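The values are calculated or read from the model by the stated rules, or taken from the named source; none is laboratory data. Keep in mind it's a predicted model, so treat the numbers as computed, not measured. When we count neighbours, we look across all protein chains shown, and the Cβ atoms used for this are built from the backbone with ideal geometry, even at glycine.
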Amino acid sequence: MSSFGWIRRDPSIAISSTIIFILIAIFVLYPVYCSLQLSTSGADFWSFPTYRYVFEKPWLRRSLWNSLLLGITTASISSIIGFIFAFVCVRVQTPAKNMFRFMATLPIISPPFMLTLSMILLFGKSGFITNELLGLENFDIYGFPGLVVVQSISMFPIAYLTISGVLLGIDSSIEDAAANLGAGGWKVFRSVTLPLATPGVIASWLLVFVTSLADFANPMILAGKFDVLSVQAYLQFTGMGNLPLGAALSNLLLIPCITAYLFQRYYVGRKSYVSITGKPKLYHREMASTSVKCLLVFFISLISLFIILLYVTVLAGCFTKSWGIDYRFSLENFAYVWDVGWESIRSTVLISSIATPIAGTAGVFIAFLLVRKKFPGKLALEIACLLPFALPGTTFGIGYALAFNQPPLLLTGTASIIILSFIFRHMPAGMEAAKASLQQIDPAIDEAARNLGASPVRSFKDVTLPLIKPAWFTGMAYVFVHCMTAVSAVIFLVSAKWNHMTVLILAQTEILRFSAASILCLILILIVLAAFAIIKLLLGKSPITSS
Amino acid sequence: MFKGLISISILALSLVACTRSSSQNQPLFIYTTMDEPIVRQIVAAYEKETGEEVEFVRLSTGEAAARIETEKNNPQASLWLGGVGLSHVQIKQKGLTAAYQHTSWNKIPAALKDGDGYWSGLYMGVLSFASNSKQLKRLGLKKPTSWIDLLDKKLEGQVQISNPGSSGTSYNLIAALIVQDGETGAFDYFKKLNHNISQYTRSGSAPAKNVAIGEATIAVGYAHDIVRLIHDDKAPLELSFPKEGTGYEIASISLIKDGKQLEKAKKFYDWMYSPTASQVMADYYFVPIVSEGIQLKADSINPKDIKLINVDLEWAGKERDRLINLWNEKING
């Protein structure tokens, strides 16, 4: 067979992968190129004057250092909390398991800075707890410690989902063997369970690290004088009009993000995907002694209580006249939100609803190609498709703003630019979910259909598609959540007609309309929960859980 | 699979195709730097009086200027309403705006408009101190009456100003203090002040609001914002002015060069100097530059009564990038 035999055998693969490559090139690589090019412009390509400037200036160097420090701290704390949550939910019998599971996924579906908002309401200088209840007069939540708390609480669910997938995949027969050989509970955990879970822990650490680096909504409000790179990039770009410096700063985030991502791929490997969806009912050994169990449950109960407190605060904020000045009950903020926010709510939902099925479906198609088909350039395709995962939101947003503000792709100010950015930025989430479940379906079923005379399209439609429907819906659920809660890229792309709720929440928070911001947060969460309910109805199970 | 993929790509490409079209029939689209509530009132009054629709995006001064610059090949908006005069000067210097002499041009004093007609002042905002009276009492301090008062050791972590990178308010402050004390003196001051700052906010009106809810003790902000917080929001604030003199802004309007709806924008521009528009602004505690036959709110601060530091706007506009970079280095260095 000639080396091009694969094209003749299944021409659709060649055509579709070419189309995917072209689309990725236009809507992912080109914007990134624009952003990179801008940051090195003005001199020889290799002299990198803007980057040298960044490293020469102590204040910019410090914001890079601060970003790394924050990322490392948040990733470590989140991984520990996530691990304990996962361990309890998978390995310990407690009556409140479902509640803990819910607590560990709640922050994922909330707007990114909602927790910052309630932290200020509760622990700010005039916070409800610090000032009204405890009478503390100079408690300072702004800065590094406050940021670590907020980021850890909002990002530990990422660790929880990854780690619990891995824990579910560990077959307890190995642990039994160790126990039978005389090892105590702690020894079994340390020498068997923990090493087996390590790849998952590292993966989750890296995911949180990257998320923390790219986060700019929380630092913008809560950082005080603790400067971080993502905020500096935003200020330079939109505030100072210093496009090269803004692009350079956000590109600096690219280096740790891609390194973290590659490291994760290399170290964790593909095998972990199989475990993420959870094979049918492995047996899980109950490992903790009563006292350890109590300690663990106590710990996660405390965290859960804290999360509940933060959410109750937002709920209370909705009905308060003017937080910090006048705590009386009031409904007038709802009228204000209706007035200010209705258009944004509508456009956010509309844009997300258009982007979600496209991104989710494209994700499934690409996953199918990657898992089932052999063709040249497969690895390149996979890396290209996953690139948006590793890109900091600001780079993505700035890249889009630059790339699509001139003919032939004149998109600034339209809904299209936001929809396209959502599709290409969040498609990998759907793709990864679909890939994980495709890997569990035996290709033999598919082959059987082909042997019986079905065309590749038909066997995909009638055999594979029904089997991957759950993954498809889960993928879409993730994409929808990402679209609804996105802020770092979309803030560069919104316009009068097409605003995004998160951008509006950020603006309301900044002008201290806390009540309005709370109401918008609440509406956003309700929309996401409603979407989940619809998916659950179509699918018969909840879209986002690891088990 | 093949068909699906093709249809996805067609969908994606058709999204690309549906860009903004036929702007003349669409509502006038503007950028504004005034507070959201007053812009809503202005737009509502304009729509009621003329039947013309207006859409707006609220951006801080720096953001608006940056956006007008990034969009220069394809301007989205045709007019920029409000925002510190310095930035209007700066975008004029960059050639991003269009000259226009509106119908009330002759009523505006020469110092409050561009000689070539590129921008025109709407109202003046005077920089002042907002202090939280409860916090002041707790710290045992009186309301500040001098720039030096903000350097008091008791105020560590208690003072807020906005970030001059994104907010025109703080750049006005920098420019005014440089005129008064020279560059070295002014930056020495900011370096010392940095010690007492809790946060440099993105928006210029945020510090006074943070002080209103007690998140900080003293803020620098525009007097009309502070008077409004005291009267309308019943915030526990005290207003005071530095005795050495203070900076001010000329909130202005510019037409954006090559805007797609310049005719509509000019009509709106003219209307902004009508008694109706002036009254809406006066009700928001502004003192409009063209204020014949309108009723000012009690306690509105008339800039004529305050000791001001005069800043050469052309100079300040040209120097902005350099001075803000310098500020970043001095403060964070």
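Data overview
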item	result
Tally of residues being of a type in the set (Gly, Ala, Ser) and facing another protein chain (nearest Cβ under 9 Å) across region B:34-63	2
Where a residue in region A:438-452 is assigned to a loop (DSSP other than H, G, I, E, B) and its partner, wherever it lies, is at pLDDT 75 or above and surrounded by 14 or more Cβ atoms within 10 Å (Cβ to Cβ), with Cβ under 6 Å and at least six apart	A:Gln439/A:Val371
Spans of strands (runs of 3 or more DSSP E) in region B:26-122 with at least 1 residues surrounded by fewer than 22 Cβ atoms within 10 Å (Cβ to Cβ) and at pLDDT below 90	B:54-58
Wholly within region B:157-260, helices (runs of 4 or more DSSP H) carrying at least 3 residues that are more than 11 Å from chain A (Cβ to nearest Cβ)	B:168-194, B:223-232
Qualifying residues in region A:59-70 (those that are more than 14 Å from A:Pro219 (Cβ to Cβ) and in contact (Cβ under 8 Å) with a residue 60 or more places away in the chain) - the one nearest to the other protein chains (Cβ to nearest Cβ)	A:Trp59
Residue in region A:48-58 that is nearest to the other protein chains (Cβ to nearest Cβ), counting only those that are surrounded by 15 or more Cβ atoms within 10 Å (Cβ to Cβ) and either among the hydrophobic types (A, V, I, L, M, F, W, C) or farther than 12 Å from A:Leu245 by Cβ (or both)	A:Val54
Residue within region A:378-399 that is in the same structural domain as A:His482 (by TED's automatic domain parsing), over 28 Å from the mean Cα position of the chain (by Cα) and of a type in the set (Lys, Arg) present	no
Any hit, region A:215-225, residues being assigned to a helix (DSSP H, G or I), surrounded by 24 or more Cβ atoms within 10 Å (Cβ to Cβ), in the same structural domain as A:Gly165 (by TED's automatic domain parsing) and in contact with a Gly (Cβ under 8 Å, 6 or more places away or on another chain)	yes
Criterion violated by A:Gly135 - all others in (1) outside the structural domain of A:Ser250 (by TED's automatic domain parsing); (2) at negative phi satisfied	(2)
Flag for A:Phe389 being away from chain B (no Cβ under 14 Å), out of contact with any Gly (no Cβ under 7 Å at 6 or more places or on another chain) and buried (at least 24 other Cβ atoms within 10 Å of the Cβ)	no
Residue list for region A:217-236, filter: farther than 14 Å from A:Lys57 by Cβ, more than 7 Å from chain B (Cβ to nearest Cβ) and not small (Gly, Ala, Ser)	A:Asn218, A:Pro219, A:Ile221, A:Leu222, A:Phe226, A:Val228, A:Val231, A:Tyr234
Residue that is surrounded by the most Cβ atoms within 10 Å (Cβ to Cβ) [pool: residues in region A:502-523 that are in contact with a Ser or Thr (Cβ under 6 Å, 6 or more places away or on another chain) and at pLDDT 85 or above]	A:Ala517
Within region A:208-239, tally of residues that are of a type in the set (Phe, Trp, Tyr) and under 21 Å from the mean Cα position of the chain (by Cα)	3
Qualifying residue in region A:408-416 (condition: part of a helix (DSSP H, G or I), at pLDDT below 75 and either within 27 Å of the chain's Cα centre (by Cα) or among the basic types (Lys, Arg) (or both))	no
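Here's the yes/no breakdown for (1) farther than 25 Å from A:Gly475 by Cα; (2) modelled with pLDDT of 80 or more; (3) small (Gly, Ala, Ser):
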residue: A:Val228; (1), (2), (3): yes, yes, no
residue: A:Gly239; (1), (2), (3): yes, no, yes
residue: A:Pro244; (1), (2), (3): yes, no, no
residue: A:Asn251; (1), (2), (3): yes, no, no
residue: A:Leu262; (1), (2), (3): no, no, no
residue: A:Arg265; (1), (2), (3): no, no, no
residue: A:Val268; (1), (2), (3): no, no, no
residue: A:Val274; (1), (2), (3): no, no, no
residue: A:Tyr283; (1), (2), (3): yes, no, no
